[in-house]
Amino acid sequence: MIALQHIAKVYEVGGQPIYALRDLNEDIGSGEYVAIVGPSGSGKSTLLNVIGCLLRPSKGAYLFNGEDVSQFDDQALSHVRQHQIGFIFQSFHLVPRLTALGNVALPMVFAGIPSSERQIRAQEALDAVGLSDRADHRPNQLSVGQRQRVVIARAIIMQPLLLLADEPTGNLDTHSGQQIMELLESLNAKGLTMLVVTHDPKVARRANRVIVLADGQIVKRIKGEELTSGSAPFF
Amino acid sequence: MTVMDLIRFAGGAVWAHRLRSVLSLLGIAIGVGAVILLTAIGEGTRYFVLAQFTQFGTNILAINPGKTKTLGMPGVLGGTTHKLTLEDADALSRIPGVEAVVPMAMGMGRVEAEGRGRSVNVLGVTAAMPTVWRFAIGQGEFLPAGDLNRATSVAVLGPKMKRELFGDRNPLGAIIRIAGYRFRVIGVMEPKGQVLGYDLDDAVYVPVANAMRMFNLDELMEVDVAYQSATMVDRVVGAVRQILIDRHHGTEDFSITTQAAMLESLDEIMRIVTLAAVGIAGISLVVGALGIVTMMWISVGERMSEIGLLRAMGALPRQIFLIFIVESVMLSVLGGALGVCLGMLGAFALTLVLPGLPVFVDEQYLVLALLVAIGTGLLSGVGPARRAIRIDPVEALHAE
Amino acid sequence: MLIDLISLAWSALVGHRLRTILSVVGVAVGIAAVVALTALGEGARHYVIQEFTSIGSNLLSVLPGKTETTGAMPGIGGVPNDLTLQDLLALRRQIHSAQYIVPVSMGTETVSHGERRRQVAVIGSSPEFLDARELRLAQGQFLPPGDVERGAPVVVLGHITARELFPGEQPLGQVVRVGEWRMRVIGVLAEIGTQLGVKMDEVVIVPVATGMKMFNRSSLFRILVKVRSPKDLDGACEQVISILTQRHDEEDVTCITQKAVIATFSSILQTLTLVLVAIGAISLTVAGIGVMNVMLVTVSERTEEIGLLRALGATHGQILSVFLLEAVMLAGLGGLVGLLVGLGGVHLLTWMYPAVPAAAPVWAIGAALGVAMILGGIFGVVPAQRAAKLDPIMALQRR
């Protein structure tokens, strides 16, 4: 579903080119559960943003679902994000003045889905993440675990093909982190492709496949269960 | 994204920061309110002044001795090459389309009756005066028609004059003395009130020939000509000018002022004054708009991560732009509406405090004020909204 | 300590450059409007006062007809009793505080010389008129002294009248026709401009008796009385009225002193300026609200910093003064910019239209700055109090 071919991302800093990604090749199939790990500055976030159609690569081709999205303009990329990709952030990014329901319904607003349908679908999504009775609560009235559930409900509301999670458990305690991962994995089990960027070996180990990044390149591809606590130097 | 969605989303943001929203829209409200109030006073005064003049009828023109081009007071400097005479007035009455001609001479004289006396304006006019000036007779009759040159010792009193001299008694038939001459009272005018501070009721009307003899005048102060319809104004003015130039041996030593022209210039002056005041008040609208720009700018800065999130969810730059424009317009329209209320309330309060002040709220200015408010909002929103769409979503999402 | 506070506030203002600029511009627009309007109003007032004082402040005018106010024009048309040359002579005999007493009659006539003709205002007066109206002669001489009741056929031409009738010629000694009358030109006035609405460059001046005969008038237009010092004005007025009342058997003249006219005009213009400035000041209120809004945002943004300052030992009063000072500086800066823009605008205006009398009074400069700073103080109080009232622990904990 995802094919990255010779992807490079270059930033100019003080006239000097800085390579965030260099000549990166990878294929990710439909329904896969992949973790991306690597030390700070290894290019994890840049890669996630490229895959999430938030950044256009400087070089190379990015085939998403058979289309070369690296050639898409801003409008077309927005459209891909709107319909095919769901985002989960470490710091939630909930709109504080909207209720849980309002936050979940937000992507449908920009997609032009009528209000009545939005209500029903958002409520269903909240039911699915176990927050049926929290629909009217604002983010600051919810626990951090509940907030991340709202974010997940929002990410899947448009029924995307791909779910991207950037440190989904980074701001959570162990217990709610565990619950969130279980929720995400249940979504993956239903066929949703899932990419998780993480620092946490415990999280990464759960994935089918782990991609290890360093200096903007993939240095290692291993299976999740192969990852042991001994692999810590990678993080 | 429908308009309703836009309004709901932007409204949520406005509502979330109530205090700063209220302060921002208050700026616009004060500006709009001031403009509404000033136009109300300006328009009110304009209508008041115009009404004062139109009560004499609009299809009249005045001829004064002396050549002046301004609105001022022609002939105040005195003597001219050729006098404006009763014969001139008589000649003018034969112009086709002219309904009536009123030659007027005026002086100040002491009027005495039954031991009481007052110094008032004595106006020498003719029988046509009530028709031309739209004055009504309250009691008795007005001066008799007839030969302009014949002096008849009859007088008509202004209502205030009558009250001062006779109280509640019937003055008809009574003999009064005006500047020493004996006159018989034959009528009393209806009250007309004051026009621009000049009391029309405190006067005495006598035949023009008597007035000229009494005050030893050899020329008229003014000749008023009433014509049938507004369409013939140019023709009548042309005829009047030609006849008088011919009679005055080729010199144009008089001025013709049509009521219409005078009303027009008065209207113009009042409009300019109102416009100037409104313009000055409009400065506060500019300042109010600056307030909205500031607040919107701050709001965009504060909501960086929100904008990043919306972009990540697939919101188009156009949609982000619209959200902030709608927020800005919302503030200014609410401000405008509040301003309209404040202005009207102010106008209403003014009529209570100063009942004499003419105040008139013109609906077209209310609509205009709201349109200006919407325009202000649009303009104020552009800068901040452009800032919002220039935000890089990747950076915005990481800005914490 | 104050220096520290100022530099702290300054760094905060510079830190948010754009919002600082926007707030400053808001205040500046208001202040500039008020400064410019004050300048226009005061300029107009000075212009009018100057116009009046240019024709002597020790002067009073006597007009036929009785009026209550100084504003209205008395004596439209005929009057009960004429103001005659005999009245003038009586005044000359009896009023000793007067330096001189001048008759004035006025009318319009056609003045011609050969083919050239012009309709002009004709003033009939006496030799003292030159001094009373502070006129100067360009050449020749003014009206000859002598009996006011006998008018010689001589005329003094205004600057423009002389130029129009005698282009490139010497007018002195020539004969012109004023209406039906043949008169000899004995003098030409220097260029003077407009005085009290009369274009003095376009008049002709003749002896008063000649003028009255010419217009067939028995009454003078007015009598001018010049007294030796301003304190004699009121006394002279009373005297004139009592003498003329006695002569006419009723009080039918009006006496106007220059002082009264100036005072009336001055107060009218002052009121007008005040109204305009008040309307302009509305924008200052709006600017003040803007400053308050920005300061409220600043306080809420800097909650953590305030908590830190409190933890470091800053007192309630110190926090209050930091934010108050910031507001005052913001508004004061706006006042300064507005003042410069306003003064610049006025300069530009007078440079482009030299006829426009506009000059910002000195007090307005100080007042503009003062008002701006007071504005900042007033609208800064609420945000500053909000900052000072913050609980340090809560403030620090806020994320």
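Each value in this text was obtained by applying a stated rule to the coordinates, not by laboratory testing. Only a predicted model underlies this, so the values are computations on that prediction, with no experimental measurement involved. Here Cβ is always computed from backbone atoms with ideal geometry, including for glycine, and neighbour counts include all displayed protein chains.
If you average the alpha carbon positions of the range B:98-128 and of the range C:143-179, how far apart do those two centres end up, in angstrom? Using only Cα atoms, the two centres lie 40 Å from each other. A simple rule links phi to the HN-Hα coupling: the Karplus curve 6.51 cos²θ - 1.76 cosθ + 1.60 with θ = phi - 60°, which for the range A:41-46 gives x, 7, x, 4, 5, 4 Hz, with x for Gly and Pro.
Here's how it looks for residue C:253: its modeled amide H is under 5 Å from those of C:65, which are all 5 or more places away or on a different chain. What angle do you read, to the nearest 10 degrees and between 0 and 90, between the alpha-carbon axis of helix C:316-352 and the longest principal axis of chain C? On a 0 to 90 degree scale, this one is about 30. For chain C, the mean residue ellipticity at 222 nm estimated from helices alone is -18500 deg cm²/dmol, where every DSSP H run of n ≥ 4 contributes -39500 (n - 2.57) and the total is divided by all residues, rounded to the nearest 500.
With the highest mean first, a sort of the peptides A:138-147, C:214-223 on other beta-carbon atoms found within 10 angstrom per residue produces C:214-223, A:138-147. The phi-based Karplus calculation (6.51 cos²θ - 1.76 cosθ + 1.60; θ = phi - 60°) puts the 3J(HN,Hα) values of the range A:12-27 at 9, 10, x, x, 9, x, 10, 8, 8, 9, 9, 6, 9, 10, 6, 10 Hz, whole numbers, x for Gly and Pro. By the beta carbon rule, with partners counted only under 4.7 Å, the protein assembly as shown holds these lone Cys residues: A:53, B:341. Separation of the range B:144-187 and the range A:137-181, taken as the distance between their Cα centroids, equals 101 angstrom. For chain B, a Gaussian network of Cα nodes joined below 10 Å ranks B:300, B:208, B:240 by mean-square fluctuation, and the top entry is B:300. Looking only at the range C:364-399, which residues have a backbone nitrogen under 19 Å from a spot 7 Å from the Cα of residue C:311 in the C-beta direction? Hits in the range C:364-399 for residue C:311 at 19 Å: C:387-399. In this calculation the C-beta distance from residue C:275 to residue C:134 is compared with R0 = 41 Å, giving a FRET efficiency of 0.75. In this structure, the amide hydrogen of residue B:174, modeled 1.01 Å from its nitrogen in the peptide plane, lies closer than 5 angstrom to those of B:185, counting only residues at least 5 positions away or on a different chain.
Averaged over peptide C:345-355, the number of partner chain Cβ atoms lying within 10 Å of each residue's Cβ comes to 0.
Distance between the modelled labels on residue C:229 and residue C:180, one decimal in nanometres: 5.1 nm (7 Å Cα→Cβ projection). Evaluating 6.51 cos²θ - 1.76 cosθ + 1.60 at θ = phi - 60° for every residue in the range B:145-152, the Karplus couplings come out as 6, x, 4, 4, 7, 8, 8, 10 Hz, glycine and proline recorded as x. Mean per-residue shielding of peptide B:276-284 is 6, counting Cβ atoms of other chains within 10 Å of each Cβ. The GNM of chain A, with springs linking C-alpha atoms under 10 angstrom apart, assigns the highest mean-square fluctuation among A:193, A:169, A:99 to A:99. Straightening the chain between residue A:171 and residue A:225 buys 17.0 nm, computed as 0.36 nm per residue apart minus the Cα-Cα spacing. List, in the order given, every pair from A:9/A:190; A:9/A:202; B:83/C:213; B:83/B:160; A:44/A:202; B:83/B:192 whose Cα-Cα distance in the structure shown is over 26 Å. Going by Cα-Cα distance, A:9/A:190; A:9/A:202; B:83/B:160; B:83/B:192 fall outside the 26 Å limit.
Membrane-span-like helices in chain B, defined here as complete DSSP H runs extending at least 30 Å along the helix axis by their C-alpha atoms with mean Kyte-Doolittle hydropathy no lower than -0.5, are B:18-54, B:259-302, B:317-353, B:363-390; this is a sequence and geometry rule, not a statement about a membrane. Averaging Cα coordinates gives a centre for the range B:263-299 and one for the range B:351-372; these two points are 15 Å apart.
Note on B:21-29: average number of Cβ atoms from other chains within 10 Å of each residue's Cβ is 4.
Among residues other than residue B:90 with Cβ under 11 Å from its Cβ, the summed charge is -1 (Lys and Arg +1, Asp and Glu -1). Amide H contacts under 5 Å for residue A:99: none, restricted to partners 5 or more places along the chain or on a different chain, H placed in the peptide plane at 1.01 Å from N. Relative to the longest principal axis of the Cα atoms of chain C, the long axis of helix C:258-301 makes an angle of roughly 10 degrees. For chain A, modelled as a GNM whose springs connect Cα atoms under 10 angstrom apart, the maximal fluctuation among A:184, A:98, A:161 occurs at A:98.
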